[in-house]
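Contents: one structure, followed by commentary.
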């Protein structure tokens, strides 16, 4: 008797489920949060980009009366979410050619939101204390002479170049091979691990060579000098296996969801206008990372002190 | 009792080997191994010169590889192009993801509406009820109170609620699926064997590898995070349910069968109740596994405590990461103590009715929660700002001091930096270089030989095919690099784990002291201790191995302890009366009898070490782990999936060469 009752329950439950599946599901687009004007921004994992988001969110909330939601996720996932409309804007993009082609050019679900005003640059860096002692280390031609200084347990008899997170664009393996350098890459796998290692080396005043970039808040704490690689020329990094030149300067970009860019009103216009300098971004980034302030507090402090800068970003009435 | 065991036909007995005298078993084993070794020697004489002549030495030949990234990227593209229009999405997958979001939202909104006082009261009273109201449960209730209070004090109340909401739904779903799988596997040997590779894959295939496709299909945020968590957390429930069902005392089953109970009745009235302890351990492990996925969930925007940990990482702020990590551990402790207390009460007869038992006790619990609800009207919903404390600065100072002094400051012993360098130079490098130096065909032969020695033709074939698949996927070198790290971590984990397990089984007090530590090791997100580990051991493979050992150790300790405890007291008593010393008892009675549990411990060791290979990639482990992370973060599904599948194949190989085939020898 009991078995029968359970069987009936199961059958009816399955039946209800099947019936409910008959209707087409909501694809998740255009969800309003409580009917209020709202904007969703992504928070990338690195501090510079957190500074953009924090300042933009502060002004959107305090000056324009929006409710700002933030979502934290990986860069490629953020592109996908941007295309679907789960988030409205990415404030700092270091170049994702594959995604740009797919979403901006082919599907047209994402549009470029203009320059952020900050220029990114990737390169090889040594600490200043080491470069002061050995000034010729800043040219790649002399790196082999110093390879022994950069040796670790991971690099065997070669010198180690510390690499970062898999997020980052790197041609270093090809560069090492094509320039015939006695170096070996060691992939630290995360920005946090790389920063921890750099801080440790700097504290002990040990020599090291690392893949690094500007703008970055750590540059204000650990002084590093770039090693000159053969100059970048348009297209010299086209074939990933033949690269033997430096990295380009990248003007960082903003990207908006296409629907949002068209119908997002004041918020979309404001985000398109948002443009500041490397120094201004670093100022906020250092408050967050160096002084361990919360992003909101850092943004509030900066906004109070720099009214003339951000007033220009507000939509013209 | 033991007499009945032997009376039952052997194929119906449980996997616990019949108590054969150790002497005969050993001669039998030696005999078999000797014969096989002889055969293998002959085979080697023929095959090795043949291999050298045909293929020479070196790595896996390029012409034998297949590139799978093309089709994977095509599938990826298809999903992106069709997910808003295709019926498969509109009528099925989107329903799944919307239901997931809605249910987590609903739980969160309920918790939020209850206010902090309501949640606190519910958590504490529920724990108290589970432990049996009255004085016995007071300790459990106090633990629950402390856990919730600290979450609030650390300023993580809201993030904690969001995480609890995700956990409640994920654990419920995982437990349901796990019990269903476990039921089938526990009742049928064939299904059990067929399901084992599936369960292994669910746990070993790194979530990072399938996170990307899940996000594409189900969307960012809750759904992808929830489904990934369920996949990872369900297997322990399934495994332990099956183990419990198989371990049911045959005498009881026999008795209930002779009373005329049908198969279904026997399952419901005898086998399931007898397996309850194991099933609760399974639930407990499922909770732990699910909590360990909290940070991964944050990578796709699910929010909660994981997001706090993850964002603290970008500013290299250990204190802030710890402030978010502690609540994760505390949730685990609260749930663990509650389930364990409920488990302890199983089998104890409850004295009569009374106010503190049965339904009236539940009424009391609900009345308490409702009273707290009324109280919160006066106090407010959110955790008071004034009752929070920021631990970030003192923790960071302590961490700096510790790393500075331990990294190189210890006299004579050198310090962690020196240890990690020597470990890398003298153990890891030779192991890796040796494995890579071996000609590819000789690795296959070696795997086949070992698997055949410990198992059967079938296991040898599976192991060899899995190893060959790694070569075909084109990640031979990287996989051997990873294998060398996994072997080192596994040996460390098993040695430490079994030792600690033996100690815990013998001294109950030690187990109780170790429990919070084990909980913390298993549930504290690796991301929290990643920075201190790098600061202590540098960006090396040694750091990756430490992360793996820390994570895999608790399960090995727990299963070993449980296995040793479950050894039939009669057998122990018998050996004691025959004058066996404590050591003899342990080596010749307890350990052999606990063999199924020990095998499960080895299996879980393999599985968990492999699960952390990916995290190792974040601290300098390189190889497959790095590739998996790279696949997710650069959107290269081919790279990530290939590396993920290679990790599964490694798991399969390791499982086959470490799990002796008991069925044939007994």
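Here, each number is a calculation from the coordinates, and none is a lab measurement. Note that the structure is a prediction, hence the values are computed from the model and not measured. When we count neighbours, we look across all protein chains shown, and the Cβ atoms used for this are built from the backbone with ideal geometry, even at glycine.
With a simple spin-label model that places each label point 7 Å from the Cα along the Cα-to-Cβ direction, the separation between residue B:190 and residue B:386 comes to 7.0 nm.
Of the beta bridges in the protein assembly as shown, as assigned by DSSP with both residues counted there, near 55 percent are antiparallel. Gyration tensor over the Cα atoms of the range A:126-214: the corresponding equivalent ellipsoid has semi-axes (square roots of 5 times the eigenvalues, largest first) of 18, 17, 12 Å. If R₀ is 51 angstrom, what is the calculated FRET efficiency for the pair residue B:359 and residue B:495, using the beta carbon separation as r and rounding to 0.05? Here the calculated transfer efficiency is 0.55. DSSP beta bridges confined to chain A are antiparallel in about 55 percent of cases.
When only Cα pairs under 8 Å and 6 or more residues apart are kept, what is the percent relative contact order across the range B:381-525? With pairs under 8 Å counted, the relative contact order is 15 percent.
Between the alpha-carbon centres of the range B:70-126 and the range B:192-216 there is a gap of 19 Å.
In the range B:186-247, the inverse of the mean reciprocal separation of distinct Cα atoms equals 12.8 Å; this is its Kirkwood hydrodynamic radius. Working note: 222 nm ellipticity from helices only, DSSP H runs with n ≥ 4, each -39,500 (n - 2.57), summed and divided by the residues of chain A, gives -11000 deg cm²/dmol to the nearest 500. Using a simple spin-label model with pseudo-atoms 7 Å out from Cα toward Cβ, residue B:180 and residue B:401 lie 5.4 nm apart. Summary value for chain B: 20 percent relative contact order, contacts being C-alpha pairs under 8 angstrom separated by 6+ residues. The eigenvalues of the Cα gyration tensor, multiplied by 5 and square-rooted, give chain A an equivalent ellipsoid with semi-axes of 43, 28, 20 Å from largest to smallest. Shape call for the protein assembly as shown from the C-alpha gyration tensor, a ≥ b ≥ c root eigenvalues: rounded (a/c under 1.5), prolate (a/b greater than b/c) or oblate? Since a/c reaches 1.5 but b/c is at least a/b, the shape of the protein assembly as shown is classed as oblate.
Taken over the range B:132-214, the percentage of Cα pairs per 5 Å bin, counting from 0 up to the bin with the maximum distance, is 3, 11, 10, 14, 14, 14, 13, 11, 8, 2, 0. Relative contact order for chain A using alpha-carbon pairs under 8 Å, separation at least 6, rounded to a whole percent? Computed value for chain A: 25 percent relative contact order. Cα-based values for the range B:431-529, radius of gyration first and Dmax second, are 18.5, 51 Å.
Each peptide in B:634-641, B:470-477, A:166-173 was scored by the mean count of other Cβ atoms within 10 Å over its residues; highest first, the order is B:634-641, B:470-477, A:166-173.
Taking label points 7 Å from Cα along the Cα-to-Cβ direction, residue B:587 and residue A:233 give a separation of 7.4 nm. With N counted as the residues of the range B:434-482, its alpha-carbon radius of gyration over 2.2 N^0.38 Å works out to 1.11. Where only DSSP H runs of four or more residues are counted, chain B gives -25500 deg cm²/dmol as its mean residue ellipticity at 222 nm, each run worth -39500 (n - 2.57). A Förster radius of 60 Å combined with the Cβ-Cβ distance from residue B:367 to residue B:262 puts the calculated FRET efficiency at roughly 0.90. Using a Förster distance of 30 angstrom, determine the FRET efficiency expected from the C-beta separation of residue B:74 and residue A:269, and round it to 0.05. That gives a FRET efficiency of 0.20. Each peptide in B:183-196, B:233-246, B:365-378 was scored by the mean count of other Cβ atoms within 10 Å over its residues; highest first, the order is B:233-246, B:183-196, B:365-378. Peptide B:418-430 shows a mean partner chain C-beta count of 1 within 10 Å per residue C-beta. Quick check: the angle from helix A:47-62's long axis to the longest principal axis of chain A, C-alpha only, nearest 10 degrees? Compared with the principal axis, the helix lies near 40 degrees. Evaluated over the Cα positions of chain B, the convex hull gives a direction-averaged projected area, one quarter of its surface, of 34.1 nm².
Judged by the mean number of other Cβ atoms found within 10 Å, the most tightly packed of the peptides B:39-45, B:425-431, A:43-49 leads the ranking A:43-49, B:425-431, B:39-45.
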